1. Would you kindly derive the ³J(HN,Hα) couplings of the stretch 409-421 from the backbone phi angles with the Karplus curve 6.51 cos²θ - 1.76 cosθ + 1.60 (θ = phi - 60°), listing them in order in whole Hz, with x for Gly and Pro?
2. Would you kindly derive the ³J(HN,Hα) couplings of the stretch 382-391 from the backbone phi angles with the Karplus curve 6.51 cos²θ - 1.76 cosθ + 1.60 (θ = phi - 60°), listing them in order in whole Hz, with x for Gly and Pro?
3. Amide H neighbours of TYR193 under 5 Å, counting only residues 5+ apart in sequence or on other chains, H built in-plane at 1.01 Å?
4. Can you compute the modelled spin-label distance between GLU181 and HIS306, with each label point 7 Å from Cα toward Cβ, in nm?
5. Two decimals is fine: what is log10 I(q)/I(0) at q = 0.16, 0.17, 0.22, 0.28 Å⁻¹ for the stretch 61-111, from a Debye sum with one equal scatterer on every Cα and no solvent?
6. For a quick check: with amide H placed at 1.01 Å from N, whose amide H comes under 5 Å from ILE97's, ignoring anything fewer than 5 positions away on the same chain?
7. When only DSSP loop residues count, what trypsin sites (Lys or Arg not before Pro) in the stretch 134-201 have their Cβ near at most 13 other Cβ atoms within 10 Å?
8. To the nearest 0.05, what FRET efficiency results for VAL402 and SER443 with a Förster distance of 30 Å applied to their C-beta separation?
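Just so it is clear, none of the values below were taken in a lab; they were calculated from the coordinates. All figures in this text were calculated on a predicted structure; none of them were measured in a lab. Because the Cβ atoms are built from the backbone with ideal geometry, glycine has one as well, and the counts that use them run over all protein chains shown.
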Amino acid sequence: MDPSLPVSPLFISSNSTMVRPDVTPDAPVDEQPTIGLIGMGAMGKLYANCLSAAGWKRINVCDTPEMYESLRAAYQDTPGINVLPNGHYVSRTSDFIVYSVEAKGIHDVVAEYGPSTKVGAIVGGQTSVKEPERAAFEKHLPEDVHIVSLHSLHGPTVPTKGQPLVLIKHRAPNDALALVESILRPLQSRYVYLSYEEHDEVTANTQAVTHAAFLSMGTAWASAASYPWEHGYYVGGIETVKVNIVLRIFSNKWHVYAGLAILNPAARRQIKQYAQSTTDIFKLMLAADEKGLRKRLYDAKDAVFHDAQNSSRRPILLSESVLDQFGLSKKDPSTKCSRPLANSHLSLLAMVDCWAHLGLNPFKHLELAATPIFRMWFGVAEYLFWTPERLEAAIQSALYDVSHRYDDVEFVVASRGWSQCVSFGDFDLYRVRFEETAAFFESRFEEGGRVGSEMLKVIMDSSTEQQDSTHVPVVDKQS
């Protein structure tokens, strides 16, 4: 924090009245802060809608100039939301300003609108990678502006209640942080207090490998020109998680994942290692090296899950049967089906192996700031590795059952392709690769999105119950 900045219990609103840090949406309009949202993509709209519904009555929003008329028409009947032509209007009139723009474009947007920021305002950003955001804020925001950044660690279709919301008090007095907390309290999210550096470490550790696994799965299935749930291999249990989350990821915008992967150096290293782990394990499979594969996987299990086995925390995923109701297979649900065919679960084996080789402990950030998808995917890995018969079945299938071998080949190729794509640092290449795969699954997005949301809710409700009954470590507010 800049020691030259004054610490004041009050802030001057755009109508020249004083705004208290503990203000609530029930306060009279002239006592409320003016909230500014620059960027009205999916997350910008989520925040605008939630804050409006909560009763905040002074919300200025904008997107690109060409979106002005359509945005104004969309929000003409929404209480409290005032659509403005561009970020200059938002910046000069708002007390708390949030930039909800792509990470790769944050510098240019802040360079354009940052100098117009009102004296004493608080500015934050919703980017998934904070280092470029911090550099842009420090370079282009006036010295008399506070910086309290944020990041909701979930997608726009996930209910905000109980989800981690990172707050970063970078250049601001405590009262500025308190005002941001008050403004965002209607989201009912769980505040997690980090620095810029800690945020990028946490997001890399909880999202990079998870995204790489699902991107690779989707590309592998698209390359095989096969919907996986239709040929009988991916119709129940763990396979249901794979299918539904792949559909969920590819139904989102490409830039949601590109920024983290390309701009976060830690994420790039992890994605590279994930591709290497996938390749190394597949080589052991091809060589039928049972001793070598078993040693590698049990070493990974001991490295990653040692602490978990000694803790009282309940596993995230208690049974595969709870997942069967969320399958996309068209089989008659009243028919008793046999268990899913054996599977190498190469994507899961590689993920745990990757964590082990990087020396990462996923438990460190699981309760602190895990996204819903990471929590579920970690729960599936935990479920596989914690149960000896399941891990042994995966090893035997990997070595001696060739029914999945074609899919495994496609997966290895896809994982290395994504790693190379990220290493090039080319957003256009990432976009093309992502959108080509997304086009293959597009006809299934609506059904997959609905079923996937229901599945996540069941698992998240169970995790919330656990969380409520255990102590969750939270980094102290930076004072």
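1. In residue order, the calculated couplings are 4, 4, 5, 4, 4, 5, 5, 5, x, 5, 4, 5, 4 Hz.
2. These are the phi-based 3J(HN,Hα) values: 4, 4, 5, 7, 6, 9, x, 5, 6, 5 Hz.
3. LEU167, VAL475
4. About 3.7 nm, to one decimal.
5. Relative scattering, expressed as log10 I(q)/I(0), comes to -0.49, -0.55, -0.88, -1.20.
6. GLY36, ILE122, VAL123, GLY124
7. LYS161
8. Numbers: r = 30 Å, r/R0 = 1.01.
Efficiency, from the Cβ-Cβ distance: 0.50.
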